[in-house]
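Chemist: Following this message is one structure expressed as structure tokens.
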Amino acid sequence: MTDYSVLLPCVPRRLEQALPFAGLVRWTGASRLWQGQAMVMEPHQTFTGLAGAGFRVFLGARRRDRLDELAKEIGEAATALALDVTDPRSVSAFVGRLPQTVHLLVNNAGGALGLDRIEDAREERWQTMWEVNVMGVLRMTRALLPTLLASGDGHVVNVGSIAGFETYIGGAGYTAVKHAVRAMTKTLRLELLGKPVRVTEIAPGLVETEFALVRFSGDAERAKSVYRGMEPLVAADIADCIVWAATRPSHVNIDEIVVRPRDQATATMVHRREGI
Ligand code: NAP
């Protein structure tokens, strides 16, 4: 079976299901078709399914303890590596540990810091958001492009946001960086025209992860209020989109997937009700 490497720089805290999904995809080299096995949401079933799959998954994030735990659960198909996408040396070290051929890069690292109006903007928050969301994607993509091209069938998936094409009060720092992710994704597609690498953006609305907790500096009550009275997406919904895009036949490029909860019409128009 072809050694099909999937790279997930930065395991989202509650996006773990993304990895098993990717691992459940088998490459049938002869027919040049992706064949996705049934997507299993229940982790144990998923991990069992992984054992027979031809994927190797390289997980990268700063907190090795979480990564190690996850890699252990996935089994020998997964390797956990420390990665800080804001540090060029960390990116080089990470890339240096990968196999010669990599087919899929999922740029997922990112997030928001604060909800400050421009008049109150804190420079360090804006700079950190730029470093993680924009420079991180640039560094990882630039570092991996040679191997993605050489693979003959590469794919870059960037996790953007509806903040990449909407704005809201207090969101200028985050919407600016996600607009930039969108611009990078579209530019990359232009630059790779005629070459064997697909480029996709996944743009989610509200997903209940640790995103809001990070945004509000660990204030759990404030973070919880983001999802009050509505049913948000969960990490597995985004994983589902990533895997679906990655498992189309290689001549099919899914440009973008915008995915929101049914309870959300725009970044700020959210249907809330009592009792949930
Ligand atoms: P999350 O729970 O806070 O996860 C963020 C992940 O990024 C963590 O695994 C974190 O791991 C990693 N990370 C952060 N900084 C990093 C760095 N410098 N280097 C390497 N890894 C780093 O948030 P999430 O919701 O899963 O976010 C995932 C992506 O979805 C982000 O790009 C976010 O902007 C986007 N998004 C989220 C939502 C939402 O509502 N949740 C909506 C739209 C888009 P470590 O801290 O261990 O490094």
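The values are calculated or read from the model by the stated rules, or taken from the named source; none is laboratory data. Being a predicted model, the structure only gives us computed values, none of them experimental. Positions of Cβ are generated from backbone atoms using ideal geometry, with glycine treated the same way; all protein chains shown enter the neighbour counts. Keep in mind that these areas ignore ligands, DNA and RNA; they rest on the heavy atoms of the full protein, side chains included. Shrake-Rupley method; radii C 1.70, N 1.55, O 1.52, S 1.80 Å.
Chemist: At what distance in nm do the modelled label points of I169 and T101 sit from each other, each positioned 7 Å from its Cα along Cα→Cβ?
Modeler: Each label point is offset 7 Å from its Cα along the Cβ direction, giving 5.5 nm.
Chemist: Round to the nearest 0.05 the FRET efficiency obtained for T266 and E76 when R0 = 41 Å and r is the Cβ-Cβ distance. Numbers along the way, then the final one.
Modeler: On the way: r = 44 Å, r/R0 = 1.08.
Given R0 = 41 Å and the Cβ-Cβ separation, E is 0.40.
Chemist: Okay, next question. Can you send over the carbon and sulfur percentage of the accessible area for the range 190-276, probe radius 1.4 Å, protein chains only?
Modeler: Carbon with sulfur: 54 percent of the solvent-accessible area.
Chemist: Dipole magnitude of the range 70-141 about its Cα centre, charges +1 at Lys/Arg Cβ and -1 at Asp/Glu Cβ only, in debye to the nearest 20?
Modeler: Values: 7 positive and 10 negative charges, 59 e Å.
Computed charge dipole of the range 70-141: roughly 280 debye.
Chemist: Right, here's the next one. Quick one: the Cα spread of the range 71-146 along its three principal axes, in angstroms, biggest first?
Modeler: Sorted largest first, the three principal extents are 49, 30, 19 Å.
Chemist: Now a separate question. When the dipole is taken about the Cα centre of the range 101-180, and only Lys, Arg (+1) and Asp, Glu (-1) are charged at their Cβ, what size is it in debye, to the nearest 20?
Modeler: My answer is approximately 200 debye.
Chemist: Let me ask you something else. For T187 and S217 in the same chain, what is the full-extension length gain: residue separation times 0.36 nm, less their Cα-Cα distance, in nm? Could you put the intermediate results ahead of the total?
Modeler: Working: separation 30, 0.36 × 30 = 10.80 nm, distance 3.30 nm.
Fully extending the segment from T187 to S217 adds 7.5 nm.
Chemist: Compare the Cα positions of P99, L81, L113 along the charge dipole of the range 62-125 (+1 at Cβ of Lys, Arg; -1 at Cβ of Asp, Glu; about the Cα centre) and return the one farthest towards the positive end.
Modeler: Final value for the positive-end residue is P99.
Chemist: Per the 1.4 Å probe, what fraction of the accessible area of the range 54-147, in percent, lies on carbon and sulfur atoms?
Modeler: C and S fraction of accessible area: 49 percent.
Chemist: Right, another one. Translational diffusion coefficient of the range 171-254 at 25 °C, 0.890 mPa s, Stokes-Einstein with Kirkwood Rh over Cα pairs, in µm²/s as a whole number. It would help to have the intermediate numbers written out before the result.
Modeler: Working: Rh = 15.2 Å.
Rounded, D is 162 µm²/s.
Chemist: Still on this structure, please answer the following. List the aspartates and glutamates whose Cα lies under 12 Å from the Cα of K224, skipping any in the same chain that are fewer than 8 positions away.
Modeler: Output for K224: E208, E210.
Chemist: Same structure again: By a straight-distance test (C-alpha under 18 Å), which lysines pair with K178 as possible cross-link partners, with residues fewer than eight away in the same chain excluded?
Modeler: Candidates past the 8-residue exclusion: K186.
Chemist: Along Cα→Cβ, 7 Å out, is where each label goes; now give me the distance between the ones at R62 and E124 in nm to one decimal.
Modeler: 1.2 nm
Chemist: For K195, go through the aspartates and glutamates and keep the ones whose alpha-carbon is under 12 Å away, minus same-chain ones fewer than eight residues off.
Modeler: D153
Chemist: Also, I was wondering about something else. Put a dot 7 Å past each Cα toward the Cβ at D237 and I276; how far apart are the dots in nm?
Modeler: Output for this residue pair reads 1.0 nm.
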